[in-house]
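To start, the structure under review is shown below, and the notes come after it.
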Amino acid sequence: MSPHDPATPSVEPFLSLHQSLKPSLGAALGRVHRLWRDAITAAVAPLGMTESRWAVMVHLAKIGEGATQQALAKALCIEMPSLTRTLNQLEQQALIERRRDPEDGRAHRLWFTPEGKQVVVQLEDRIHGVRFDIYDGLSDIQLDAFAEVLIHMEANLREHLQIPGLDNGESGTQ
């Protein structure tokens, strides 16, 4: 039996921190995620980036130019119609281009334009600034421990939901 098993009777007269968060640990994690994304969106708004646009740009930079639209959709955990809409917007801004895959004419591969590459650098700089502010007062040891917990929890959830892991081990943009 584990102290985290609901079948295990509690002998402690008080709740641990993770049990006392209101309404729950998961809700607190969701709030942090939303606030984090809001902070990035505010920081990159002067670049003409919405949340969906900066997320696509950053993820494409992480998985690499030449990725297929399907691979990018999978990395972002979004459906193709949503990605297609955002890609159309980024193409209109002349930040990305889609090229037919020479081996599979049905697939499109994604590439940054020269202007798109400059915007990615600016995005990364601004996101780094947000991350610096978020990490204020936290040590590398704390951040690494938190990262280990998140990785473990995601693996547990994927097993629970019978969802395979991501190919590149990336699950977030921040």
message: Here is a check on your reading of the model: is GLY172 open to solvent by 70 Å² or more (accessible area, probe 1.4 Å) and either at pLDDT below 95 or at positive phi (or both)?
response: no
message: Just the residues that are over 13 Å from GLY66 (Cα atoms) and among the hydrophobic types (A, V, I, L, M, F, W, C), please, taken from the range 77-106.
response: CYS77, ILE78, MET80, LEU83, LEU87, LEU90, ALA94, LEU95
- prompt: In the range 67-81, is there at least one residue being surrounded by 15 or more Cβ atoms within 10 Å (Cβ to Cβ), basic (Lys, Arg) and within 19 Å of VAL119 (Cα to Cα)?
  reply: no
message: Please go through (1) out of contact with any Ser or Thr (no Cβ under 9 Å at 6 or more places or on another chain); (2) basic (Lys, Arg); (3) open to solvent by 90 Å² or more (accessible area, probe 1.4 Å) for ARG98 and return the number of the only condition it doesn't satisfy.
response: (3)
Qualifying residues in the range 130-145 (those that are open to solvent by less than 100 Å² (accessible area, probe 1.4 Å) and hydrophobic (A, V, I, L, M, F, W, C)) - the one farthest from GLY26 (Cα to Cα): VAL130
statement: (1) more than 21 Å from the chain's Cα centre (by Cα); (2) in contact (Cβ under 8 Å) with a residue 40 or more places away in the chain; (3) loosely packed, with under 15 Cβ neighbours inside 10 Å all hold for HIS108 apart from (3)
- request: Among the residues of the range 127-145, write down those that are assigned to a helix (DSSP H, G or I) and closer than 15 Å to ALA39 by Cβ.
  value: ILE127, HIS128, GLY129, VAL130, ARG131, PHE132, ASP133, ILE134
- prompt: Looking at the range 26-59, which of the residues that are open to solvent by less than 40 Å² (accessible area, probe 1.4 Å) and free of Cβ contacts under 8 Å to residues at least 60 places away in the same chain is nearest to ASP133 (Cα to Cα)?
  reply: THR41
- prompt: With respect to the numbered conditions (1) open to solvent by less than 100 Å² (accessible area, probe 1.4 Å); (2) more than 19 Å from VAL44 (Cα to Cα); (3) acidic (Asp, Glu); (4) not in a loop (DSSP other than H, G, I, E, B), which one is the sole condition not fulfilled by GLU115?
  reply: (2)
- prompt: Out of (1) open to solvent by 90 Å² or more (accessible area, probe 1.4 Å); (2) in a strand (DSSP E or B); (3) of a type in the set (D, E, K, R), the odd one out for GLU124 is which?
  reply: (2)
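The values are calculated or read from the model by the stated rules, or taken from the named source; none is laboratory data. Note that this is a predicted model, so its numbers are computed, not measured. Cβ: placed from backbone, ideal geometry, glycine included. Neighbour counts: every protein chain shown. Surface areas here come from the heavy atoms of the whole protein model, side chains and all, with no ligands, DNA or RNA. Shrake-Rupley method; radii C 1.70, N 1.55, O 1.52, S 1.80 Å.
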